[in-house]
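Any read-out appearing in this document is the output of simple, stated calculations on the displayed coordinates, not a laboratory observation. Keep in mind it's a predicted model, so treat the numbers as computed, not measured. No Cβ is skipped: glycine too gets one built from the backbone with ideal geometry, and neighbour counts run over all protein chains shown.
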Amino acid sequence: MTAAPVTTEPPHTSSVAALTRQLGRDSGYVLLGLPLGLVGFVLAVVGTALGLGLLVTALGLPVLAGTLYTARGLADLERLRLPPVLREPRLPRPAYRRPEPGASLLRRILVPLRDPQCWLDLLHAVLRPLLALPTFAVLLVWWAVALVGTFTVAYDWAIPRGPDDQDLSELLGMGSGTAPRVILNTAIGLFFLLTLPLVARACARIQAGPARALLVGMAEMRHRISTLEDQKRAAASAEATALRRLERDIHDGPQQRLVRLAMDLGRARQQLAADPEAAGRTLDEAVTQTRETLAELRALSRGIAPPILVDRGLPSALAALAARALVPVELTVDDDLGTPGGRLDPAVENTSYFVVAEALTNVAKHSAATGCRVEVTRRAGRLEISVADDGTGGAHLAKGHGLAGIADRVRATGGTLEVASPTGGPTLVRAELPG
């Protein structure tokens, strides 16, 4: 059975197709923006004027609230139209004020009157035609001149002309007749056709810029604040977890050994006069305890701030980490991450190291894996880390497990951590950090 041949599209063809698609999106956004803008303007102005005029009666506030609800609906429609023009996957929708539980019908109706975003939606509906009308006219004229001029040769013969008619080519001194007229009109049409994508893009951005500021700006600001607060909580949680773990490790390791060392030295002092040989054996044990304590302290210091990471960068630190791993590790790291110009922010670099270190620790302790693969790559301003093993699975981000602390570290730097570890394996730990 033979595989079907794979055809690839030439780069210039894909570029032309992308340019054509963007031209269609921009033109559709601008040309449809005027009728939508006029509808929104009429509804907003009439509704607001009617509501203000009826404020002396019981109908004024409900009419204003209905106008704001209408403006909200038009704003939601505009938010759906913005992402293709702005070349973004999606835009956040503002969190509109909701009625309180148990509120009366009147309070529910009047909720938008206390919501600042609803008034921004209304302001957008009122101001939108001021930009939609000129951009619509410019783009429509550009399209018309581009099409009419480019295809002059196809219809020029059918246009009746009188003996006193003068063509633009004749006024410019290019001569009279069909040939100069067609050449000049075609050249003008081609110029407008070639510049059409730029003009359409500019008109679309002129319309979309204020729309984004009014309809999405507050939501983006709140989302950013929420993200920063979440990062702050994650950083505090990660720091507390690291301190508790360090305290536990010191208590269970070096502290116990130092206590025994003190006891051994005290016993050797007592034995020194009565039994020098026993004192010598006790001192030998004390020396051994001292060496083991130093080894544990070095291991703990590597967990706080590995010197090789600070001095030589992430590739070298991960190479040393993989060499000490109890499971064979296949390591792939972008070399530029270790160069002076390609090194990451220190916080991101430390987090990257600890993600791999904790993942390898879990592989060694819990996975029963026979091999592990670590990949660290930088793409489009993001650092992607993946640690995969062929073990039995079962890893998760529940509190109390090592990966939970790493998840807090990753969130604190503005990244994300995902763990896919079904029962029976394999396990994939994937982190994405700003890089």
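Miscellaneous remarks
- This ranking places ASP284, ASP334 by how few other beta-carbon atoms lie within 10 Å of each, fewest first, which gives ASP284, ASP334.
- What the Cβ-Cβ distance of VAL46 and LEU113 gives, at R0 = 22 Å and to the nearest 0.05, is a FRET efficiency of 0.80.
- Charge dipole of region 308-434 (Cα centre as origin; +1 on each Lys and Arg Cβ, -1 on each Asp and Glu Cβ, all else neutral): 260 debye, rounded to the nearest 20.
- Spacing of the modelled spin labels on ALA278 and ASP230, each 7 Å from Cα toward Cβ, amounts to 6.5 nm.
- Net charge, ARG205 excluded, C-beta distance under 14 Å - Lys, Arg +1, Asp, Glu -1: +3
- On full extension, the segment bounded by ASP76 and ARG267 gains 60.7 nm, given 0.36 nm per residue less the C-alpha separation.
- Database remark: amide H of LEU383 closer than 5 angstrom to the amide H of LEU433, GLY435 (H placed geometrically; neighbours at sequence offset of 5 or more, or on other chains; Pro and chain starts carry no H).
- Here's the picture: a label point sits 7 Å out from the Cα of VAL138 along the beta-carbon direction, and within region 191-225 the residues with their amide nitrogen under 13 Å of it are 196-209.
- Spacing of the two label points (7 Å from each Cα toward its C-beta) at LEU123 and ALA202, in nm: 2.8 nm
- GLU358, GLU100, GLU384 arranged by Cβ crowding within 10 Å, fewest neighbours leading: GLU100, GLU384, GLU358
- Report note on the peptides 125-137, 141-153: ranked by the mean count of other C-beta atoms within 10 Å, highest first, their order is 125-137, 141-153.
- Using R0 = 56 Å, the C-beta based FRET efficiency linking ARG373 and LEU32 works out to 0.65.
- If R0 equals 35 Å, the separation of the Cβ atoms of ALA58 and ALA95 corresponds to a calculated FRET efficiency of about 0.70.
- A simple spin-label model places pseudo-atoms 7 Å from Cα toward Cβ; at THR195 and THR20 they are separated by 2.4 nm.
- A dipole drawn for region 321-412 from +1 and -1 charges on Cβ atoms has a positive end, and of ALA395, VAL333, CYS372 the residue lying farthest that way is ALA395.
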